[in-house]
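Undergrad: Attaching a single structure in structure tokens format; questions to follow.
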Amino acid sequence: MRMPLSWLAEYTDLAPGARGADVAASLVRVGLEEEDLHGGDITGPLVVGRVLSFELEPQKNGKTIRWCTVDVGQNGQMLTEGKHQEIVCGAHNFEVGDLVVCVLPGAVLPGGFAIAARKTYGHVSNGMICAEDEIGLGHDHEGIIVLSRLLGEERAATLSPGDDAITLLGLADETVETNVTPDRGYCFSVRGLAREYWHAQGSPEGGYRDPADVATPAATAGGYAVELKDDSPIDGNDGCDRYVARIVRGIDPTRPSPPWMSKRLTQMGMRPISLAVDVTNYVMLAVGQPLHAFDVDRLSGSVVVRRARAGEMLTTLDDVERTLHTDDLLITDGGEQPLAIAGVMGGASSEVSDTTTDVLIEAAHFDPTTVARSSRRHRLITEASKRFERGVDPKVTAAAAQLAVDLLVEHGGGTVDDAVTDVDRRSERTAYRLDVTEPARIVGVDYPRERVVGILRDLGCVVEESGEGTDDTHVLVTPPSWRPDLVDAPDYAEEVARIDGYNNIPSITPTPSDGRGLTHAQKARRVVADALAGAGLTEVLSYPFVSEELADQLMLPADDDRRHAVRLANPLSEERPLLRTSVLASLVDTLRRNVARGRKDVAIYELGLVFRPGGAIGTAPIPGVAARPDAETLEQLYAAVPAQPRRAGILATGQAEQAGWWGPGRAADWSDMVAAVQTVAAALAVPVSVANDPGHAPWHPGRCARITLADGTLVGHAGELHPKVVAALELPARTVAAEFDVDVLVAASSEPVQARPFSTFPPAMTDIALLVGVDVAAADVETALRSGAGESLESVTLFDVYEGERIEAGHRSLAYRLTFRAPDRTLTTDEVNDFRDAAVAAAAAATGAVQR
Amino acid sequence: MSGPNTNYDPVEVSALDPANLDAAVEDAVAAIAAATSLDDLKAARIAHQGEKSPLALANREIGALPPSAKAEAGKRVGQARGRVGQALTVRQAELEAERDERILVEERVDVTVPALRRPTGARHPIELVAQRLVDAFVGMGWEVAEGPELESEWLNFDALNLGPDHPARQMQDTFFLDPVDSGLVLRTQTSPVQIRTMLEQEPPIYVVAPGKVFRTDDLDATHTPVFHQIECLAIDKGLTMAHLRGALDAFVRIMFGEETRTRVRANYFPFTEPSMETDFLCFACHGEETWGSAEPCRTCGGSGWIELGGSGMVNRKVLRTCGIDPDVYSGFAFGLGIERALQLRHGVQGMHDIVEGDVRFSQQFGMGV
Ligand SMILES: [Zn+2]
């Protein structure tokens, strides 16, 4: 919401010497955030100019500039050696004869941009023709300002070249722009902002002049017929509880808006259109009440406010034909023809035009929820809907109509009908019984009773300190009509704190007494992340949005659970409508991006949630919020949320170890991925087993490890990606990958590690070479050796694998070192040999191994 | 060599002649001094201390002397051998020291050649910043709460006093699930974790909830559709806005140093009432206003203060929805974007580096910040 300082000063006293920044700072103190400051930072000369002629000059860079001659009036020409101003202009949205805004040499534009005659495109350009954004009037840079379009033809006709454009456009007057929060609907008016500014100044006696404080006539017989017929109120609230209609007849439609009004509308970021429309906008900006002007001649009967019927249509002012919804509240002509979606936008058929002489001014109070829903449903956010959905002061209705009537009469030459329509169905607001010590309990500042009562009265509340319901600590508070948000003790506490000053709130560090630190899972997850980084991998984060083709690219089987992905109704890109079901699914993008940026060796990982609905998406209930939902509803609520296991994905390509002075490097291969998972498991002290897995996408069927817990629970997979996956995803050849379920590993680590005693007697080592078929897994051989070797076995190390000419085809030789150690003695050679033979026998029985 | 003779005068046995002994010693000392290597010294040792050395021969002559002469001759030879032995020991030590010195020189390498054969890994700084904040709050007795990223609409909006018609709900650009009536969304804030906590735990509650959140913004310098928040929630008896401010002060000190402090003002959030907006003193310029000067502070833009984020006392409606009696308990909540904290604290320009996963970004931060 914008507010020129000159307008603010009409309703309240500005602090002496206050500039825009000071006003903005004052408003910030009472909780209105500054958005921007406009104007006030131009120093002349900025004048009205008339384009006399221009020549098109194509440039080498492909642009065509206009070499213009512009009449900038007598004074302006003193700065241009007495000639008409010659200006280079890049815009094309004007014609010869148009009035434009010219900045002349010597001027300084917003941002300290000093203007001088300068040589450009082969000409000496004496300043420039301005666009809106260049003079801080708006954000438009589509073309230059054409005054007949900005101010309207009538207003433009009164201007002459050389007129001071700073005054004309109100640029000397600073305009403060504030962000209005949803609870402060009343601040969508200069009236509301002025009131807040007055509070920020300490609410000095007599320092606020309410523009809505005007005499209004009571309803009379014979006014325009208005019927409020809401037969399906939302949440029991009537769609319209007040409707004032006033008629002004005999307006001269050729009369322009007064210059001061056009200027103000421009400062507020609105376009002057015609007197009738400008007046409704001006009053809305002044007091916050959206008004609608109907052409009386285009109405046939009474105004009936009702809900829309199914299938009803309305073409709104923006020329969109809209299908109405039965929740939409309509203003209708005689109960039939829709004229407007109440509080949102009018229809084209009843709009005032340039021939309208008799105007019906509608000032109504609409239900915020009704307007919010219509606005959302039709994707129409208008100045009116913004205000109604945040709540318009229901007491300002008649005053707003009166202000509009007065302006139309004064500037349009019309006469107002004596008959007044005012249908008023408002319910009285009840007083709230406030415990005056409550603000202190909520805020933590010891506000005396007088302070609390004083602040509330300044805010416009009626505070009763005696009578029924009041006592030493309780008063009855009726909030002002413009504050529908004041309901409960915390609302009043916030007001007291806000006006007293938030910075008076002390700082007391809270001291919880029984914190139990991080949970096991939270600590264990950090161990996982740190172990992977410690293993030389770099942690990255990727977006979870993936394409529909990805499941095929990853070669996931038709019945794979990872094909059941959650779909977004409104994805950022139609190409990526699904949520990932594995971390690798999105991590591949990150790998590719790194490679595309010229990095050959990449080893990355990510820990994150994946989305596994495991079938059709259920429907989560939406219970009420008045009380805690019952246990069954909560159970349904939690159950409807799809499973989101936490997984880790790892990808690597290029060299795992660099070539260097020590010798050649080593390419990252499947074993680095298995090792990474084992490193994590070891960091959590969780024993895991590795098996060959020939059928798990997206891995290479011959180079994929399935990693499980001792009880067989799947942890994850590691190895080299399938060459077809690599090709489909355009990854570097031989990219390796792992993915595992972090939750599984974390859960497996939850019991305290139980220490085993270890022997201090000397170890005995013996080496064996076993000949096995190439299909026999080394892990199976090791398992068998361990089972046969007995309790004295300390370790089994596979130190060589040989496959080649020296042994039988279809076989390979596995060389193991077995280390034995007894807890209580030094083992003898005979004992060790016996253990070894037993181990070999077990391996032979289990895997067909033959000792070489 | 002569045979034993009790009348024999040692002086007259030439090998035992003092002058000869002196000469032998001098020869030995000279040879020892001349040795320039341990091998030379070994040869000198054999020549002058070995079995065939003059002093060894002289020693053997003593046995043939009459008892009366033995003592004196023995003493003289002993002294001579002692002098040689001493010289050998000294020289041995010198030459060994020289050798050790030389080996160290010869074994010299250039240790500035690359030593890292394997790359070093790194954590993502978003995770590190979140950990830093979490750790500080855990140190003050808070606990960490977590929840799903795909969340029910009721927990993400309704329970937080963001009813379907609330204007603030329209401001949130929410990813809805297909079908839209599933009542599920990608959470737009970490606040549903607070609701889950309040539904499941009895007060007192002091939790900090870090996590990923989602909004339908395209990636640009200041927006990303996936980002991270950290929120703190406290529910206890007697908590006031002063406690909220205390927690906020602790928060900014952890993140931006002991010198900083907060400035607060009113704001509006549906989840809280009263609500509060917090700025903290710029840690770069220490609050010195440089706005409009030639070089405005790049961290705060010149205002001297940096906006932290929204907070407030948990709305009574929200407490009731969670089954907590607002007449017994009160509480506060606050939160901020971790990306923004990372940008401020570490001078990260723009959002792209944080989200694109270029390993060079994470690697700047190592394993902890
Ligand atoms: Zn600064």
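The values are calculated or read from the model by the stated rules, or taken from the named source; none is laboratory data. All values derive from a computational prediction rather than experimental measurement. Using ideal geometry, Cβ is built from the backbone for each residue, glycine included, and neighbour counts are taken over all protein chains shown. In case anyone asks, the SASA skips ligands and DNA or RNA and just uses the protein heavy atoms, side chains included. Shrake-Rupley method; radii C 1.70, N 1.55, O 1.52, S 1.80 Å.
Undergrad: Let me check I've understood the local charge: for B:PRO326, count other residues with C-beta under 14 angstrom from its C-beta, Lys and Arg +1, Asp and Glu -1. What total comes out?
TA: -2
Undergrad: If you plug each phi of segment A:348-358 into the Karplus form 6.51 cos²θ - 1.76 cosθ + 1.60 with θ = phi - 60°, what whole-Hz ³J(HN,Hα) values come out, in order, with x for Gly and Pro?
TA: Once rounded to whole Hz, the list reads 6, 5, 10, 5, 5, 10, 7, 10, 5, 10, 10.
Undergrad: A further question on this structure: Take the solvent-accessible surface of the protein heavy atoms, probe 1.4 Å, and return the percent of it on the protein assembly as shown that carbon and sulfur atoms account for.
TA: Looking at the protein assembly as shown in its full context, I get 50 percent from C and S.
Undergrad: If you take each beta carbon of peptide A:618-628 and count the beta carbons of other chains within 10 angstrom, what is the mean?
TA: Taking all residues of A:618-628 together, the mean is 6.
Undergrad: Distance between Cα centroids, segment A:651-710 to segment B:258-277: provide it in whole Å.
TA: First find each Cα centre; the distance between them is then 50 Å.
Undergrad: How large is the translational diffusion coefficient of segment A:337-432 in µm² per second when you combine the Kirkwood radius over alpha carbon pairs with Stokes-Einstein at 20 °C and 1.002 mPa s?
TA: 140 µm²/s
Undergrad: OK, next. Using only helices, what value at 222 nm comes out for the protein assembly as shown when you add -39,500 (n - 2.57) per DSSP H run of length 4 or more and divide by the total residues, to the nearest 500 deg cm²/dmol?
TA: -9500 deg cm²/dmol
Undergrad: For helix B:241-256, report the angle its Cα long axis makes with the longest principal axis of the Cα atoms of chain B; keep it between 0 and 90° and round to the nearest 10°.
TA: Rounded to the nearest ten degrees, it is 40.
Undergrad: In the Gaussian network model of chain B, springs joining C-alpha atoms below 10 Å, which of B:VAL180, B:VAL314, B:VAL29 carries the largest mean-square fluctuation?
TA: Largest GNM mean-square fluctuation: B:VAL29.
Undergrad: Another question about this same structure. List every residue whose amide H lies under 5 Å from the amide H of A:GLY335, counting only residues 5 or more places away in sequence or on a different chain, with H placed 1.01 Å from N in the peptide plane.
TA: Those qualifying (amide H under 5 Å, at least 5 residues apart or on another chain) are A:VAL304.
Undergrad: Restricting to lysine pairs 8 or more places apart or on different chains, what number in chain A have Cα atoms under 19 Å apart?
TA: Lysine pair count for chain A: 4.
Undergrad: With the dipole of chain A worked out from charges on the C-beta (+1 for Lys and Arg, -1 for Asp and Glu) around the Cα centre, which of A:ILE87, A:LEU827, A:ALA15 lies farthest toward the positive end?
TA: The Cα lying farthest towards the positive end belongs to A:LEU827.
Undergrad: Report the Stokes-Einstein translational diffusion coefficient (µm² s⁻¹, integer) for segment B:230-329, Rh taken as the Kirkwood radius over Cα pairs, at 37 °C with viscosity 0.692 mPa s.
TA: The diffusion coefficient I find is 221 µm²/s.
Undergrad: Can you sort A:ILE65, A:ILE617 by solvent-accessible area, 1.4 Å probe, largest first?
TA: Sorted descending by solvent-accessible area, the residues read A:ILE617, A:ILE65.
Undergrad: Could I ask something else about it? Determine by what factor the alpha-carbon radius of gyration of chain B differs from 2.2 N^0.38 Å, reporting the quotient.
TA: 2.12
Undergrad: Counting other Cβ atoms within 10 Å, which chymotrypsin sites (Phe, Trp or Tyr not before Pro) in segment B:257-293 have at most 14 and lie in a DSSP loop?
TA: Passing sites in segment B:257-293 are B:TRP291.
Undergrad: Isolated Cys in chain B by the 4.7 Å beta carbon test?
TA: Those would be B:CYS232, B:CYS322, since no other cysteine Cβ in chain B comes under 4.7 Å of theirs.
Undergrad: Also: If you put +1 on each Lys and Arg Cβ and -1 on each Asp and Glu Cβ, how big is the dipole of the protein assembly as shown around its Cα centre, in Debye rounded to 20?
TA: Computed charge dipole of the protein assembly as shown: roughly 2960 debye.
Undergrad: Give me the summed buried accessible area for the A-B pair, 1.4 Å probe, to the nearest 100 Å².
TA: 8700 Å²
Undergrad: What figure in square angstrom, to the nearest 10, would you give for the accessible area of B:THR112 with a 1.4 Å probe?
TA: Using a 1.4 Å probe on the heavy atoms, I get roughly 110 Å².
Undergrad: So, for segment A:433-504, what is the accessible surface per residue at a probe of 1.4 Å, expressed in square angstrom?
TA: Result: 39 Å² of accessible area for each residue.
Undergrad: Same structure, new question: What ³J(HN,Hα) values, in whole Hz, does the Karplus curve 6.51 cos²θ - 1.76 cosθ + 1.60 give for segment B:270-280 when θ = phi - 60°, with x put for Gly and Pro?
TA: x, 6, 10, 6, x, 10, 8, 10, 10, 10, 10
Undergrad: Related question: Go through segment A:492-528 and name the trypsin sites (Lys or Arg not before Pro) that are in a DSSP coil and have 16 or fewer other Cβ atoms within 10 Å of their Cβ.
TA: A:ARG516
Undergrad: Among B:182-190, A:172-180, A:470-478, how do they line up by average Cβ neighbours within 10 Å per residue, starting with the highest?
TA: Taking the mean over residues of other Cβ atoms within 10 Å, the ranking is B:182-190, A:172-180, A:470-478.
Undergrad: May I ask you to list the GluC sites (Glu not before Pro) in segment B:22-61 that are in a DSSP loop and have at most 10 other Cβ atoms within 10 Å of their Cβ?
TA: Hits after loop and neighbour filter: B:GLU51.
Undergrad: Assigning unit charges at the beta carbon (Lys, Arg +1; Asp, Glu -1) and nothing else, what dipole magnitude in debye, to the nearest 20, does segment A:644-796 show about its Cα centre?
TA: Charge dipole, segment A:644-796, about its Cα centre: 260 debye, nearest 20.
Undergrad: Next up: Have a look at the DSSP beta bridges in the protein assembly as shown and tell me what percent are antiparallel, nearest 5.
TA: Bridges in the protein assembly as shown that DSSP calls antiparallel: roughly 95 percent.
Undergrad: Here's another thing I want to ask about it. With heavy atoms of protein chains only and a 1.4 Å probe, what residues of segment A:19-56 have at least 50 Å² less accessible area in the full set of chains than alone?
TA: A:GLU33
Undergrad: Can you work out ³J(HN,Hα) from phi for every residue in segment A:668-680, in order, using Karplus 6.51 cos²θ - 1.76 cosθ + 1.60 and θ = phi - 60°, giving whole Hz and x for Gly and Pro?
TA: 4, 9, 3, 5, 4, 6, 4, 4, 4, 5, 5, 4, 5
Undergrad: Over segment A:102-261, average the accessible area per residue using a 1.4 Å probe and give it in Å², no decimals.
TA: Ligands and nucleic acids excluded, the figure is 41 Å² per residue.
Undergrad: Then there is this: So if I restrict to the alpha-carbon atoms in segment A:764-851, what is the Rg, and what is Dmax, the biggest pairwise distance, in Å?
TA: Rg, Dmax (Cα atoms, Å): 13.0, 45.
Undergrad: Same structure, new question: Apply 1/(1 + (r/R0)^6) to the Cβ-Cβ distance of B:LYS75 and B:MET367, taking R0 = 56 Å, and write down the FRET efficiency to the nearest 0.05.
TA: 0.15
Undergrad: How large is the accessible surface of A:GLU34 in square angstrom, using a 1.4 angstrom probe and rounding to the nearest 10?
TA: 80 Å²
Undergrad: Pick from B:LYS317, B:LYS42, B:LYS237: which is most flexible by mean-square fluctuation in a GNM of chain B where alpha carbon atoms under 10 Å apart are linked?
TA: B:LYS42
Undergrad: In addition: Rounded to the nearest 10 Å², what accessible area does A:ILE508 show when all protein chains are kept and the probe is 1.4 Å?
TA: The accessible area comes out at roughly 80 Å².
Undergrad: With N set to the residue count of segment A:433-504, report its C-alpha Rg divided by 2.2 N^0.38 Å to two decimal places.
TA: Rounded to two decimals, the normalised Rg is 1.00.
Undergrad: Evaluate the Debye formula for segment A:46-168 with equal point scatterers sitting on the alpha carbons, no solvent, and hand back log10 of I(q)/I(0) at q = 0.10, 0.16, 0.20 Å⁻¹, in q order, two decimals.
TA: -0.27, -0.72, -1.17
Undergrad: Please compute the contact order of chain A in relative form: average sequence separation of alpha-carbon pairs under 8 Å and at least six residues apart, divided by the residue count, as a percent.
TA: 8 percent
Undergrad: Find how many whole Å separate the alpha carbon centroid of segment A:288-357 from the alpha carbon centroid of segment A:1-29.
TA: Cα centroid of segment A:1-29 versus Cα centroid of segment A:288-357: 37 Å apart.
Undergrad: Around A:ASP741, under 9 Å between beta carbons, what's the net of Lys plus Arg minus Asp minus Glu among the other residues?
TA: 0
Undergrad: Taking only the Cα atoms of chain A, how large is their convex hull per residue, in Å³?
TA: Spread over its residues, the Cα hull of chain A gives 285 Å³ apiece.
Undergrad: For helix A:829-847, what angle does its Cα long axis make with the longest principal axis of chain A, in degrees from 0 to 90 and rounded to 10?
TA: So the inclination is approximately 60 degrees.
Undergrad: Next question. Treat every Asp and Glu Cβ in segment B:10-106 as -1 and every Lys and Arg Cβ as +1, leave all other atoms uncharged, and give the resulting dipole magnitude about the Cα centre to the nearest 20 debye.
TA: Approximately 420 debye in magnitude.
Undergrad: Could I ask something else about it? Using the Cα atoms of segment A:666-825 to build a convex hull, what is its mean projected area in square nanometres?
TA: For segment A:666-825, the mean projected area of the Cα convex hull comes to 12.1 nm².
Undergrad: Follow-up. Which length gain, in nm to one decimal place, applies between A:VAL850 and A:ASP297 when the Cα-Cα distance is subtracted from 0.36 nm times their residue separation?
TA: Length difference between fully extended and current span is 188.2 nm.
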